[in-house]
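Student: So that we are looking at the same thing, I have put the structure below in structure tokens.
The values are calculated or read from the model by the stated rules, or taken from the named source; none is laboratory data. Source: prediction; values computed, not measured. Every residue, glycine among them, receives a Cβ derived from its backbone with ideal geometry; neighbour counts consider all protein chains shown.
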Amino acid sequence: MIKLTSPNSDEPEPSSLSELAKSIDACRRCDLWKNATQGVPGEGAAHARIMLIGEQPGDQEDLTGRPFVGPAGKLLDKALAEAGVDRKEVYVTNAVKHFSWFPRGKRRMHKTPTQQEVASCLDWLRQELKLVNPSIIVCLGATAAKALLGPAVRVTVDRGRWLESDLAEHVMVTVHPSSVLRVPREDFDDAYAALVRDFKLIARVR
Ligand code: URA
């Protein structure tokens, strides 16, 4: 288990999500900001019951400044709706707040953030958790899972059940929606159904 402690700093912590969003945008704790358009904070109700945590903003998230608005976000919304999870109860965010990418021709390709970049960003997630105080946390994919629960977590092994953690009453890991988009076409239905099945566990918590 990773202990989410605040860094020793004299700076006062943001007392609202909108203040926090400004600090995230101004963050220079690693170099990712240099090639990103803006920092992308989480989005959702201030005291949402459920927090979903992805890896990092993608191309469209970087341009719009909003998390999960691209293809992975569309799949996420569809799977949540199908599982019966009310989107109004959900706050979505990422482990890393600036887009990490490399060029391929004219396209900006996703680049997995380094452990150091994830570690530099972890304090923003800690502050989001403190302000939103969700009772359910779902890590989408290995980056968020390992950042919050430690390196021993294996998404394929540990997915789809409630895990022991003092971060929230209910903590789960599941796959990242973009991994569902990447499976071979013949495996898509199964991969998508497994994601919906995991999300149904959230819908059952009252
Ligand atoms: N993938 C993520 O992990 N987060 C986003 O916001 C979009 C795609």
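Student: Just to be sure I understand, how many residues within region 46-80 are surrounded by fewer than 19 Cβ atoms within 10 Å (Cβ to Cβ) and touching a Lys or Arg at 6+ places or on another chain (Cβ under 7 Å)?
Tutor: Residues that pass the stated criteria total 2.
Student: Turning to a different aspect of this structure: Restricting to helices (runs of 4 or more DSSP H) lying wholly in region 98-197: which have 3 or more residues that are surrounded by 18 or more Cβ atoms within 10 Å (Cβ to Cβ) and more than 16 Å from the ligand (Cβ to nearest atom)?
Tutor: Numbers: elements: 115-132, 142-149, 155-158, 177-182.
Filter on region 98-197 gives 115-132.
Student: Give me the pairs: first residue in region 98-112 and touching a residue at least 24 places away in the same chain (Cβ under 8 Å) and small (G, A, S), second residue within 13 Å of the ligand (Cβ to nearest atom) and part of a loop (DSSP other than H, G, I, E, B), beta-carbon distance under 6 Å, and six or more apart or on different chains, which are they?
Tutor: Close Cβ pairs (under 6 Å, with a partner that is within 13 Å of the ligand (Cβ to nearest atom) and part of a loop (DSSP other than H, G, I, E, B)) amount to S100/Q56; S100/K111; S100/P113.
Student: Tell me, please, whether a residue that is in contact (Cβ under 8 Å) with a residue 24 or more places away in the chain and more than 14 Å from the ligand (Cβ to nearest atom) can be found in region 50-73.
Tutor: Taking every residue of region 50-73 in turn, at least one turns out to be in contact (Cβ under 8 Å) with a residue 24 or more places away in the chain and more than 14 Å from the ligand (Cβ to nearest atom).
Student: Go through region 16-30 and count every residue that is in a loop (DSSP other than H, G, I, E, B), farther than 19 Å from L148 by Cβ and touching a residue at least 40 places away in the same chain (Cβ under 8 Å).
Tutor: Number of matching residues: 1.
Student: Further, regarding this structure: Are any of the residues in region 76-83 in a strand (DSSP E or B), touching a residue at least 60 places away in the same chain (Cβ under 8 Å) and within 9 Å of the ligand (Cβ to nearest atom)? It would help to see each step written out before you state the result.
Tutor: First, pick out the residues of region 76-83 that are in a strand (DSSP E or B): none.
Looking for residues that are in a strand (DSSP E or B), touching a residue at least 60 places away in the same chain (Cβ under 8 Å) and within 9 Å of the ligand (Cβ to nearest atom), one finds none in region 76-83, hence no.
Student: Tell me which residues, restricted to region 169-206, are touching a Lys or Arg at 6+ places or on another chain (Cβ under 8 Å) and more than 24 Å from Q56 (Cβ to Cβ).
Tutor: Across region 169-206, the qualifying residue is only L201.
Student: Continuing with the same structure: Would you mind finding the one in L195, L149, L131 that is within 18 Å of the chain's Cα centre (by Cα) and closer than 25 Å to S18 by Cα?
Tutor: Working: L195 fails: closer than 25 Å to S18 by Cα; L149 fails: closer than 25 Å to S18 by Cα.
Selected residue: L131, the only one of L195, L149, L131 that is within 18 Å of the chain's Cα centre (by Cα) and closer than 25 Å to S18 by Cα.
Student: With respect to the numbered conditions (1) part of a loop (DSSP other than H, G, I, E, B); (2) at pLDDT 95 or above, which one is the sole condition not fulfilled by K200?
Tutor: Tallying (1) part of a loop (DSSP other than H, G, I, E, B); (2) at pLDDT 95 or above, K200 fails exactly one: (1).
Student: Is region 42-60 home to any residue that is under 23 Å from S165 (Cβ atoms), at pLDDT 95 or above and among the polar types (S, T, N, Q)?
Tutor: Scanning region 42-60 turns up at least one residue that is under 23 Å from S165 (Cβ atoms), at pLDDT 95 or above and among the polar types (S, T, N, Q).
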